[in-house]
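K.L.:
Quick one: structure below, then a few questions.
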Amino acid sequence: MIEKLKSKFSNFICCVCFSSCFYAFMLIESFVNERSVEIMGCNIVNMVYTLGLVFTGLGFLSFSFLCKIYKSEKLKKIIMLINCPLSLLVNIILALSNQPIVFLTSSILALLLMGHISSYVYYIMAINFKDSKYTGRVIGIGMGIAIILQYIVQNLMPQSIIFIISILLSIICIICYILINSKDINNKNATTNLFNIKNNDKMIKALIIAVILMSLVAGMIDSVLTTFNATKEYDIYNGVRLFYALGLIIAGFIADTKSRIYLPLATLCAILLSSICIFFLSEEISYFAGTALMYLYSGFYVIFFTIMFLDFAPNSKCPELWASMGRIIRSFTVAATIIPAIKIYNVVGNIALATISCLLSILIMLVLLPFISKTVNYSKQINKQFNKLEMIPQERLKLYAEHCLLTPRETEVLEKLLMTDDDLQGIAESLYISRRMVQRYVTSIYEKTDTKTRHGLFQSYINFTIN
């Protein structure tokens, strides 16, 4: 019981750490863009934004290189504990600097270090929440709260002072987690992830291509919105930004529905809406509605690439890289899109961008077909459930196991638990495995079926077959 409470407390602190890290990252990114207008002029803001994205991507990549060089978890934590106060120092310089060279240097270092720290946080999130049923809503709510806090800070409080305080609190939160989390976070006993993309090269390649295409759409949107904000045509950090938080939270809950089945389709629908809304950016009357829907899409897009790679990471050969792969792809792809997109917008207007975005949406749909087909297969599976009572026991058992996301070996143990009176030792002997291994499978089965005893498991199975 004590160990379980400790594990839950550790996961809670991990969630707070993740949210704090995302909040700090978003605050630094927007603060750099805002300050670059004041110090270097509005014409240079997109170049600064591009440079910041490149170094953010390098920061995320640097953690995986660190893991290749240093195998000791203790040494990794020590390096991270050094980077945290260093990041705080750089951000203080960023907040107080007025010289272009000092500002640009501190901006690059701030985003580089925060990318490095964030990559570590994504890694521990992937390992700690491996196969969790609540990853989507935890991340969606955490990121949503971070965006709401960013809105409050940037609209209701003095910028520089609250910026430094916010970064300080976020860094303290991350340091506390590193110190509290005493367990080894090396990936052990990886199980099948929720989307079954382990060892599936086609699926992971499709995922990478889809995120690249989504990032191209996001990059075009970001370039226009950043320019509007720099020239004071519109304020992108006013109330409309709260739709970003709304998108994150909604997408997070959708992600947890039926093991990610509906997330790709929902994200695709959001992309199509945002593409259409680019047509309305040039008109002040329709700007708010267009921007709101694009922020809503951004929430779905961020949840999609975050959750999908977090799912895949624990079963990969390099989890510390794959956990934050979505952020890496986003950083470099958007960086490559920002300047060309605003040039296209300035020459031919928003119609060209909207057309390109629609074409990209069609490509995304084609790339996501392997994922969307799972939605169709799931619907067929639902139809089968109407005839559950007509099935033979083995078919009902298999359907129940699929519903609870049990592995093939767990299904074998489940059959013994439900269909025989064998104790753990008897099950172990019949399956030719150790009693300890059977106990592990039983514990996993109870967690996935949300039961605590063999009787409760049997009752859950009976309820499933009659409902």
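The values are calculated or read from the model by the stated rules, or taken from the named source; none is laboratory data. On a predicted model such as this, the values are computed, not experimentally measured, just so you know. Quick note on the areas: whole protein, heavy atoms, side chains included, nothing else; ligands and nucleic acids left out. Shrake-Rupley method; radii C 1.70, N 1.55, O 1.52, S 1.80 Å.
K.L.:
In the structure displayed, which of Lys205/Lys448; Lys133/Lys452; Lys205/Lys317; Lys317/Lys448 lie more than 19 Å apart, Cα to Cα?
P.N.:
Violating the 19 Å limit, Cα to Cα: Lys205/Lys448; Lys317/Lys448.
K.L.:
Also: Once the Cα gyration tensor of the range 297-357 is diagonalised, what are the square roots of 5 times its eigenvalues, in whole Å and ordered largest first, as equivalent ellipsoid semi-axes?
P.N.:
31, 12, 7
K.L.:
When the Kirkwood radius is taken over all Cα pairs of the range 121-180, what Stokes-Einstein diffusion coefficient follows at 20 °C and 1.002 mPa s, in µm²/s?
P.N.:
Working: Rh = 13.4 Å.
Rounded, D is 160 µm²/s.
K.L.:
Given a 1.4 Å probe, how much area per residue of the range 55-179 is accessible, in Å²?
P.N.:
Each residue of the range 55-179 exposes 41 Å² on average to a 1.4 Å probe.
K.L.:
In whole percent, how big is the carbon plus sulfur part of the accessible area of the range 39-94, probe 1.4 Å, protein atoms only?
P.N.:
Looking at the range 39-94 in its full context, I get 77 percent from C and S.
K.L.:
For the range 1-155, what is the Kirkwood hydrodynamic radius in Å, using each pair of distinct C-alpha atoms?
P.N.:
Over the range 1-155, the inverse of the mean reciprocal pair distance is 16.8 Å.
K.L.:
Then there is this: From largest accessible area down, sort His116, His403; use a 1.4 Å probe on the protein chains.
P.N.:
From most accessible down to least: His403, His116.
K.L.:
Just to confirm, what accessible area per residue do you get for the range 405-454 at 1.4 Å probe, in whole Å²? Could you put the intermediate results ahead of the total?
P.N.:
Working: 3050 Å² over 50 residues.
With all protein chains present, the range 405-454 gives 61 Å² per residue.
K.L.:
In units of 2.2 N^0.38 Å, what is the alpha-carbon radius of gyration of the range 26-68?
P.N.:
Relative to the rule-of-thumb radius for its length, the range 26-68 sits at 1.40.
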